[in-house]
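The values are calculated or read from the model by the stated rules, or taken from the named source; none is laboratory data. From a predicted model like this one, the values you see are computed outputs, not experimental measurements. Every residue, glycine as well, gets a Cβ built from its backbone with ideal geometry; the counts of neighbours run over all protein chains shown.
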Amino acid sequence: MDTADNKRAIWVGLFLALGLIIFIVGIFFLGGQQKTFSKSIHISSVFDDVQGLKKGNNVWFSGVKVGTISSIRFSGPAQVDVRMSIDQATQQYIHRNANARISSDGLIGNKIIVIDGGSPQAPIVQDGDILQAEKLTSTDDMMKTLQQNNQNLLSITGDFKLLSHKILQGKGTVGTLMADSTMAIQLRNAMRNLEVTTASAARMAAQLSQFSQKVNTKGGLADKMFTDTTTFNKLTASVNQFQQAATNANKITDNLSNKLNATDNSLGVLLNDPKSAAQLQSTIDNLQKSSVNLNADLEAAQNNFLLKGFFKKKAKAKADSIKKANK
């Protein structure tokens, strides 16, 4: 009996020792996971909504677990102060201008705090510092936004359904275009005309470009006008001379008009004095009558027997000269 009891006692002692060892290892393991036995600093951040964050949840920085949440308590109206225990070894990488935000460990995992941001120029975070909390959209806000988007999509779908129904019935411009073949043909013709017009405009633009290139050709008239001051001055002088000539012509015309309208010269008197014009007309009539009488007197002289021989000799001499010229 003593031997059996001793064996039983030994086995019980071994199980107790093994359990104690496992317990101690578990404590050290869990303590290592929770950073219980490592040196740490405490920082905090104030949130308006912790979104289900709990004490003991993890704190991450750049994808690395650097601490845990040590306490959560209210610090004011609708504000929650979250105190975090951060491993002292990672203190040198976290700066005071870093932000703290609430996130999830996976899609539906536990809530965690993520520290990000911060510039190397800012001082390193110290024990008791408060990090700026970054407000993120909560799941409820996301669901509300998603619901609103669904309602908008449903409204758009309804409007599109109504629009397509009206189009199929031939209502509206688009429906008329789809249902009326005549309008479709007219639209096609209009598009063809627009294409022709566009091509014509393109050709005109190309011709205008060629013309501008010719105008800008070195040594041409336009180039000399814009760049050669001598040519420009000559052209300006020619224009001035032309303007002077036009001015002189206007003066001459005005003087001639004044002379013609005046009565101190012969031509003006003839044009403006009716009495002088009548006398001139009478003189012309008398000259015409005198020329008629003179012709009659000359014919009578030719028939006079005293002068008839003279005129016959003169006529015979003229006939002989004509015959000599024809030979």
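General observations
- When we screen V125, V114 for residues that are of a type in the set (V, I, T), surrounded by 15 or more Cβ atoms within 10 Å (Cβ to Cβ) and over 15 Å from I41 (Cβ atoms), the only hit is V114.
- Criterion (at pLDDT below 80 and either surrounded by 13 or more Cβ atoms within 10 Å (Cβ to Cβ) or at positive phi (or both)) met by exactly one of S38, S44: S38
- Between G67, G76, the distinction of being buried (at least 16 other Cβ atoms within 10 Å of the Cβ), over 49 Å from the mean Cα position of the chain (by Cα) and either of a type in the set (K, R) or closer than 28 Å to D141 by Cβ (or both) belongs to G67 only.
- Residues of the stretch 70-103 that are assigned to a strand (DSSP E or B) and either at pLDDT below 85 or not assigned by TED's automatic domain parsing to the domain that holds N57 (or both): S75, G76.
- A133 in contact (Cβ under 8 Å) with a residue 24 or more places away in the chain and surrounded by fewer than 15 Cβ atoms within 10 Å (Cβ to Cβ): no
- Residue among G118, G158, G128 that is at pLDDT below 90, in contact with a helix residue (DSSP H, G or I) (Cβ under 9 Å, 6 or more places away or on another chain) and not hydroxyl-bearing (S, T, Y): G118
- Check on I102, surrounded by 14 or more Cβ atoms within 10 Å (Cβ to Cβ) and either at positive phi or touching a residue at least 60 places away in the same chain (Cβ under 8 Å) (or both): no
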